[in-house]
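Trainee: This is the structure I have questions about; it appears just below.
The values are calculated or read from the model by the stated rules, or taken from the named source; none is laboratory data. On a predicted model such as this, the values are computed, not experimentally measured, just so you know. Cβ coordinates were reconstructed from backbone atoms using ideal geometry, including for glycine residues, and neighbour counts include every protein chain displayed.
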Amino acid sequence: MQKTRPLTRLKSFFATQRGALFGLWAAYFLYWASLAPFIPYLSLFYESVGLTGAQIGQLGFIRSIVSFFSALTIAFLSDVFRRRKRILTACVFGMIALLLVFPRMASFATLLPVVALYSVFLAPTISILDEDTLRTLDNPRDYGMVRMGGSIGWGILVFAGGAILDIPGVPLTAMFWIHIFFLGLMLPLIALLPESNAKLADGEKASLKDVGRLLRHPGFMVWLGVLFVSGLTSSSIINFIALHIKGLGGSATLVGLAMAVNVMGEIVGLAIAKRLQGRVGSRRMMVLCFLLRGFWFVGLGLVPSAWWILPVHAVGGFSYALIQAGSVAYVNERAPRRIGTTAQAVRGAVLIRLSTAAGALFSGALFEGVGSARMYVIMGLISWATFVLALAFRSYERRREAAQKAA
């Protein structure tokens, strides 16, 4: 009986709101810590097995497009059956299983099916964590403080991962084992987290009609388009920033340091997200993101040496915090609670999946055609153009909303 008491107390702690929020913070930390030494350096692994820039872009496209469909499907099923913990556990197990065989693949043909299957399990994880966080919080504007756990995990491990890969004799495949290690730590934490289904305001099950009504909400598809552009430009960072820094004479350690600086900017953004949302609203946060992104990308393209990337990257992290917190809040304000996970999956599928699939092909073609420096300048110009268009649309929405209130 004595042996079970610590576990019982632990479960009781996680059953409280404070414990549940701490558990979600830790889940974000472990999830993003697992990805940090993997995703940014994956292009280096691809290059080491002889893949071209176009093939690297194509694998990024496959990962994103498969994730797009699996995120929507699995998230909707989690809303229908309300078994988010079980689905989250299955996804983590699936990722671990694929990562065990991933580093043994040494050609485009063998990597293709493994990347596709890995993407199936990767996709819905963050949508489930986002929805559970929003259900647990008393004030959804506090989302940024919980999500900050992921930023801290990413920041620490993205730097540590680069430093580890720079150690003489350490193979690039070490990134796979670090990824597995943190996912393994995440599994018992998921088991301790309570189900959040009790907070549903009604007993209705999720339906596709709910999703249809959400997509037809005035202006919703336009803002999804804004998210699409954000993900499309971000794909150039995901797939080619390591090669860009390497081309400027930087090392894997510098890649990690740059990503860590990026996360510092993200943490600052998430820390003030609640206050900023209260002042300008979720949509203006998304608009402001693109103004900053223009400076970020153009700066990346114009820096004279690899070390100058560090201050530029801080701006990029701050801009990501704005689009992340702003888009989560915007969707949460408009989606029925019974399809909360699906709604966040739609947001994530556009921001992180569909857009980065297109962006992987687009940035891959630009990388081969004009080089990484000009590629980033082009991404910056696209961001500034989106800022102007989104700002104009937000002004139109305000006039329309004011006219509706007056009527």
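Okay, residues lined up against (1) within 30 Å of residue 73 (Cβ to Cβ); (2) not hydrophobic (A, V, I, L, M, F, W, C):
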residue	(1), (2)
295	no, no
305	no, yes
308	no, no
342	yes, yes
363	yes, yes
373	no, no
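Trainee: Only one of these conditions is not met by residue 169: (1) touching a residue at least 12 places away in the same chain (Cβ under 8 Å); (2) at positive phi. Which number is it?
Mentor: Among (1) touching a residue at least 12 places away in the same chain (Cβ under 8 Å); (2) at positive phi, residue 169 violates only (1).
Trainee: Another question about this same structure. Under the condition of being touching a Phe, Trp or Tyr at 6+ places or on another chain (Cβ under 7 Å) and not basic (Lys, Arg), which residue from segment 348-363 is surrounded by the most Cβ atoms within 10 Å (Cβ to Cβ)?
Mentor: Here is the first cut: in segment 348-363, the ones touching a Phe, Trp or Tyr at 6+ places or on another chain (Cβ under 7 Å) are 349-350, 353-355, 357, 360-361, 363.
Filter once more, keeping what is not basic (Lys, Arg): 349-350, 354-355, 357, 360-361, 363.
Values: 349: 27, 350: 24, 354: 23, 355: 25, 357: 25, 360: 26, 361: 20, 363: 29.
Result: 363.
Trainee: Taking the conditions exactly as written (in a helix (DSSP H, G or I), touching a residue at least 24 places away in the same chain (Cβ under 8 Å) and not basic (Lys, Arg)), does residue 402 satisfy them or not?
Mentor: Spelling it out, it is not the case that residue 402 is in a helix (DSSP H, G or I), touching a residue at least 24 places away in the same chain (Cβ under 8 Å) and not basic (Lys, Arg).
Trainee: Continuing with the same structure: Taking residue 304 as meeting all but one of (1) outside any helix (DSSP H, G or I); (2) buried (at least 22 other Cβ atoms within 10 Å of the Cβ); (3) not aliphatic (A, V, I, L, M), write down the number of the exception.
Mentor: All conditions are met except number (2).
Trainee: Are there helices (runs of 4 or more DSSP H) fully within segment 148-255 with at least 3 residues that are over 24 Å from the mean Cα position of the chain (by Cα) and either within 30 Å of residue 362 (Cα to Cα) or at pLDDT below 80 (or both)? List them.
Mentor: Per the criteria, 208-215.
Trainee: Filter segment 107-139 for residues that are among the charged types (D, E, K, R) and touching a helix residue (DSSP H, G or I) at 6+ places or on another chain (Cβ under 7 Å); which is surrounded by the fewest Cβ atoms within 10 Å (Cβ to Cβ)?
Mentor: Filtering first and then ranking leaves 135.
Trainee: Within segment 319-348, how many residues turn out to be of a type in the set (Gly, Ala, Ser) and assigned to a loop (DSSP other than H, G, I, E, B)?
Mentor: Step one: of segment 319-348, the residues of a type in the set (Gly, Ala, Ser) are 319, 321, 325-327, 329, 335, 340, 343, 345, 348.
Now narrow it down to the ones that are assigned to a loop (DSSP other than H, G, I, E, B): 335.
Count: 1.
Trainee: Further, regarding this structure: Can you name every residue in segment 366-397 that is within 21 Å of residue 238 (Cβ to Cβ) and either modelled with pLDDT under 90 or among the hydroxyl-bearing types (Ser, Thr, Tyr) (or both)?
Mentor: Passing the criteria: 366, 367, 368, 369, 370, 371, 372, 373, 376, 383, 386.
Trainee: Mind checking whether some residue in segment 265-273 is more than 20 Å from the chain's Cα centre (by Cα), assigned to a helix (DSSP H, G or I), modelled with pLDDT under 85 and over 25 Å from residue 64 (Cβ atoms)? Full working, then the answer.
Mentor: Taking segment 265-273 and keeping what is more than 20 Å from the chain's Cα centre (by Cα), we get none.
Scanning segment 265-273, I find no residue that is more than 20 Å from the chain's Cα centre (by Cα), assigned to a helix (DSSP H, G or I), modelled with pLDDT under 85 and over 25 Å from residue 64 (Cβ atoms), so the answer is no.
Trainee: Suppose the filter is on the phi < 0 side of the Ramachandran plot, assigned to a loop (DSSP other than H, G, I, E, B) and within 21 Å of the chain's Cα centre (by Cα); does residue 38 pass it?
Mentor: When the stated conditions are applied, residue 38 passes them.
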